[in-house]
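The values are calculated or read from the model by the stated rules, or taken from the named source; none is laboratory data. Owing to the predicted nature of the structure, the values given are computational and were not obtained by experimental measurement. Note: ideal-geometry Cβ built from the backbone for every residue, glycine included; neighbour counts use all protein chains shown. These accessible areas exclude ligands, DNA and RNA; they are computed on the full protein's heavy atoms, side chains included. Shrake-Rupley method; radii C 1.70, N 1.55, O 1.52, S 1.80 Å.
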Amino acid sequence: MNKYIKGCLTFTAIIVLLLTLMIGWFLWSSNSRIKQAEIDGIAFSKECDSVNIITEQPEIQFAKFKKNELTFLKFQILRNGKFIHDTVIKNGKFNPDNLRINIPYKTFFKTDTIVVTTKNRLQYYISGYHHYAYLHYGMFGYLGSHDCRFSDQSIINNDQYSNNVLIREKGWLNPEISKHIKKISILDSAEYYGFAKNCKIKIEDAERILKEKRKNQVFRTTTINGIEAGPKDSYYLFGEETESGTRPNDVVPRNLKYYVVKINCATGEYKRYQNYPFDN
């Protein structure tokens, strides 16, 4: 083997060795950054969660409300079991067409509950505001730094939300009773079917009762919303959209109305509301 070939092989071996070392170092470094991010994520989250004052004035949205139901809004802070800082916002300061508004308190405690009351006496208890650690990443992964950011997640009337939406039919008319009622969504299939399994009225029974009661009515859609589990009575919840005075070939439905149907899980009693929860 001449010196030229031997030199080329040696040079190639060195290059391969260097590339192997670089790839190995990159993989080790990347894995190390991932592990460090997991450790820091826990530590920094505790640090950010220690922020006790909310200064972001969170935005809330309204869903399925009529305009005249939002011409009067009352905000209160519930702190240590007492209501403080009553703030009333009337039409003129709030545009019902926008269906969103910022909470009118520049600061409040993380442990406070914000209570919103609409013109038609529906109440919403909003809590769970907090901050979380946002880890910084670059081209090569975790950079080892972070900042604390405000979380849009909140608890509204005992339900967890990823954004602050006040839904009309989920408002409370009597909080002292409603706060003890748990809503089990059909999306939580394991809990939904587990609860229904122990009910005297089974899911198929409730669906049969629903079909029997809707005889001679023209229906557009039916949805299964879940279960309302209360300390005394529990109910299957269904949603219905109905239309009357239409022909089968009508493209645009006329006289479309939405109803909520409750069927007692123990007795099969059927209740149907057009303006739920106002006429229950």
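Could you tell me which residue of the range 130-172 is nearest to SER50 (Cα to Cα), considering only residues that are over 21 Å from the mean Cα position of the chain (by Cα) and of a type in the set (A, V, I, L, M)?
It comes out as LEU135.
Please specify each residue of the range 217-234 satisfying the condition of being at pLDDT 90 or above, of a type outside the set (Gly, Ala, Ser) and in contact with a helix residue (DSSP H, G or I) (Cβ under 9 Å, 6 or more places away or on another chain).
Result: ILE227, single match.
Condition first: modelled with pLDDT of 90 or more and in a loop (DSSP other than H, G, I, E, B). Now tell me which residues in the range 182-216 satisfy that.
ASN198, CYS199, LYS200, ILE201, LYS202, listed by residue number.
Just to be sure before I move on: is LEU173 modelled with pLDDT of 85 or more, open to solvent by 30 Å² or more (accessible area, probe 1.4 Å), within 28 Å of ALA196 (Cα to Cα) and in contact with a Phe, Trp or Tyr (Cβ under 8 Å, 6 or more places away or on another chain) in the structure I sent?
yes
Is there a residue in the range 176-190 that is in contact (Cβ under 8 Å) with a residue 60 or more places away in the chain, closer than 30 Å to GLU59 by Cα and in contact with a Pro (Cβ under 8 Å, 6 or more places away or on another chain)?
The answer is no; no qualifying residue exists.
Between ILE181, ILE227, which is in contact with a Gly (Cβ under 8 Å, 6 or more places away or on another chain), β-branched (Val, Ile, Thr) and buried (at least 17 other Cβ atoms within 10 Å of the Cβ)?
None of the other options fit; the residue is ILE181.
Among the residues of the range 163-181, how many are assigned to a strand (DSSP E or B) and of a type in the set (A, V, I, L, M)?
3
Are any residues in the range 122-162 in contact (Cβ under 8 Å) with a residue 24 or more places away in the chain, surrounded by fewer than 12 Cβ atoms within 10 Å (Cβ to Cβ) and not in a strand (DSSP E or B), and if so, which ones?
PHE140
Can you work out which of the residues in the range 245-262 that are open to solvent by less than 60 Å² (accessible area, probe 1.4 Å) and at pLDDT below 90 is nearest to the chain's Cα centre (by Cα)?
Taking the candidates together, the pick is VAL260.
Looking at this structure, is PHE26 modelled with pLDDT under 85 and closer than 18 Å to GLY141 by Cβ?
Against the criterion (modelled with pLDDT under 85 and closer than 18 Å to GLY141 by Cβ), PHE26 qualifies.
Scan the range 39-59 for residues that are outside any helix (DSSP H, G or I) and touching a Phe, Trp or Tyr at 6+ places or on another chain (Cβ under 8 Å) and jot them down.
Matches in the range 39-59: ASN52, ILE53, ILE54, GLU56, GLN57, PRO58.
For ILE101, state whether it is modelled with pLDDT under 95, out of contact with any Ser or Thr (no Cβ under 6 Å at 6 or more places or on another chain), of a type in the set (A, V, I, L, M) and crowded, with 17+ Cβ neighbours inside 10 Å.
So ILE101 fits the description; yes.
If you take the residues in the range 62-90 that are at pLDDT below 90 and in contact with a helix residue (DSSP H, G or I) (Cβ under 8 Å, 6 or more places away or on another chain), which one is nearest to LYS119 (Cα to Cα)?
GLU69
Taking ASN275, is it at pLDDT below 90 and closer than 19 Å to GLU169 by Cβ?
Here the answer is yes, as ASN275 does meet what is asked.
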